[in-house]
Amino acid sequence: MKICYVLSYRAPDYIRTRSILRALRQIPDVDIYEAINTDTGIARYLDTYRKTQEIKKKFDPDIYILGFRGHEFYWPLRRLVGNKPIILDALMSPYASLSRERKFGMPGVAVASAWRIIERGILNDADVILTDTTLQRHFYQQEFSVSSSKLLALPVGAEESGAQIGSTEYQTPAKPQNEMSILFYGSFLPLHGIDIILEAASILRELPVRFDFVGGNEKQARKLKAKCTDLGIIRYTHRRWVAFDELINLTIPGADLCLGGPFGDTEQGRRVITGKTSQCLALGKPTIIGKIDEDIGFVDKKNCLLVPQGRPQALADAIQWAFYQHHHLPKIGEYGKSIYSEKLSVNVIQQLLAQTLADLRRK
């Protein structure tokens, strides 16, 4: 079976892409061809189109997989490949981000209704739609009238092995004795609940815990600093960017406790398991997870620390428990890695994709 993985995204090395490609390479008798952009600006669309066109002409793939976040590239791809099956990775809904999460503020809300029509057409044309939870599957069914038979809940996955920790390229920064480091990294979307995290940090001002933030744009960085000043938070650091290999080989392993979230208690946040949750669990780190109504097997104080979303006091209580009961954290991290392997790993992704590809080929 010949599969073409198509991607035109500003972050072509996003963990979702890495996980799916790794899973596809593990499936027997499948040849993978990659039409992935190298340009991250507006020229990425032409870059991806040219690569897809070349692969189509040379190899004539049986199935095309359009990776996250490919909605704007869907119709050019459909026109190019004709009736060949397209699997669309609709990990997150742009319409929900615009209308419910207010990702771009009021301008985003203003165009959301028009985008909903476009998104619905794309989803109903695709042969298979990938998302990450059964809650997201139900959302697509209800919001866009998508047939349940087309929807597959596929975990985000994680980088499960990297370069040797302790590489001479990176050195672990010195940490004050008896201070606990708490890591959050991500894009600072509303569902992540940065304000909830900062309110929890304010509650814990007297406790020797340091919050290390990675991510966000320049505006969000200014807002973070101003909020910390207003709340009297002094034990924190912020970096806007960390190389991925440094993240998985130094930053995450070097943290005492990781914030997986989501903590924002937004509509979309109540349906997802964040990529950072999977990544931190995969590396065996004790992780605080925002509870959603999905039976993954997360158990508070056994394989994670589980907290209700939108509750700064609950998050602060979990961090305080971890500080005073830190001797339990290694075992929680160990069990967390086990639940990742069982429910969220690349092997799980491989099994689900293999069945889906086989079903498509039989049609």
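The values are calculated or read from the model by the stated rules, or taken from the named source; none is laboratory data. Note that the coordinates shown come from a computational prediction; the quantities given were computed from them, not determined experimentally. Quick reminder, even Gly has a Cβ in these numbers, built from the backbone with ideal geometry, and neighbours come from all protein chains shown. Areas reflect the complete protein model, heavy atoms only, side chains present, ligands, DNA and RNA absent. Shrake-Rupley method; radii C 1.70, N 1.55, O 1.52, S 1.80 Å.
Identify unpaired cysteines across the chain, taking unpaired to mean no other cysteine Cβ lies under 4.7 Å from the residue's Cβ.
Unpaired cysteines in the chain: Cys4, Cys228, Cys304.
For the range 16-94, just say rounded, prolate or oblate: build the C-alpha gyration tensor, square-root its eigenvalues into a ≥ b ≥ c, call rounded for a/c under 1.5, and beyond that prolate if a/b exceeds b/c, oblate if not.
rounded
Which whole-angstrom value gives the distance between the alpha carbon centres of the range 4-23 and the range 273-309?
Between the Cα centres of the range 4-23 and the range 273-309 lies a distance of 24 Å.
Top to bottom by accessible area (1.4 Å), largest first, where do His192, His327, His138, His238 land?
From most exposed to least exposed: His327, His138, His238, His192.
Using a basic spin-label model with each label point 7 Å from the Cα along Cα→Cβ, how many nm lie between Ala110 and Asn347?
Spacing of the two 7 Å Cα→Cβ label points: 5.2 nm.
Percent of accessible area on the range 196-354 owned by carbon and sulfur, 1.4 Å probe? Show your work: numbers first, answer last.
Working: 3430 of 7050 Å².
Using a 1.4 Å probe with all protein chains present, the range 196-354 comes out at 49 percent carbon and sulfur.
On a 0 to 90 degree scale, rounded to 10, what angle separates helix 44-59 from the longest Cα axis of the chain?
Helix 44-59 sits at roughly 50 degrees to that axis.
What's the longest bit of the chain with no exposed chymotrypsin sites (Phe, Trp or Tyr not before Pro), using DSSP loop states and at most 15 other Cβ atoms within 10 Å as the test? Before the final figure, lay out the partial values.
On the way: sites that count: Phe104, Trp241.
Formally, the longest exposed-site-free interval is 105-240.
What is the Å³ per residue value for the convex hull set by the Cα atoms of the chain? Please report the intermediate quantities before stating the final value.
Numbers: hull volume 51.2 nm³, N = 363.
Value for the chain: 141 Å³ per residue.
Using a Förster distance of 30 angstrom, determine the FRET efficiency expected from the C-beta separation of Trp321 and Met1, and round it to 0.05. Working shown, then result.
On the way: r = 49 Å, r/R0 = 1.64.
That pair, Trp321 with Met1, gives E of 0.05.
List the pairs from Lys291/Lys343; Lys103/Lys363; Lys225/Lys343; Lys276/Lys343 whose alpha-carbon separation is above 27 Å, in the order I gave them.
Lys103/Lys363; Lys225/Lys343
Test of understanding: what is the full-extension gain from Lys57 to Leu80, defined as 0.36 nm times their sequence separation minus their Cα-Cα distance? Kindly include the intermediate steps, with their values, before the conclusion.
Numbers: separation 23, 0.36 × 23 = 8.28 nm, distance 1.05 nm.
Length gained, Lys57 through Leu80: 7.2 nm.
Mind checking the per residue accessible area of the range 1-115 for me, 1.4 Å probe, whole number of Å²? All intermediate terms of the calculation are to be shown ahead of the outcome.
Values: 5390 Å² over 115 residues.
Per residue, the range 1-115 has an accessible area of 47 Å².
Regarding the range 60-134, what are the three Cα extents along the principal axes, ordered largest first, in Å?
43, 27, 16
State the percentage of accessible surface on the range 48-134 attributable to carbon and sulfur atoms; use a 1.4 Å probe and exclude ligands, DNA and RNA. Could the numbers behind the result be given before it?
Working: 2160 of 3940 Å².
With neighbouring chains kept in place, the figure for the range 48-134 is 55 percent.
Any idea of the accessible area per residue across the range 206-363, 1.4 Å probe, to the nearest Å²? Each step should come with its number before you reach the end.
Values: 7450 Å² over 158 residues.
About 47 Å² of surface per residue is accessible.
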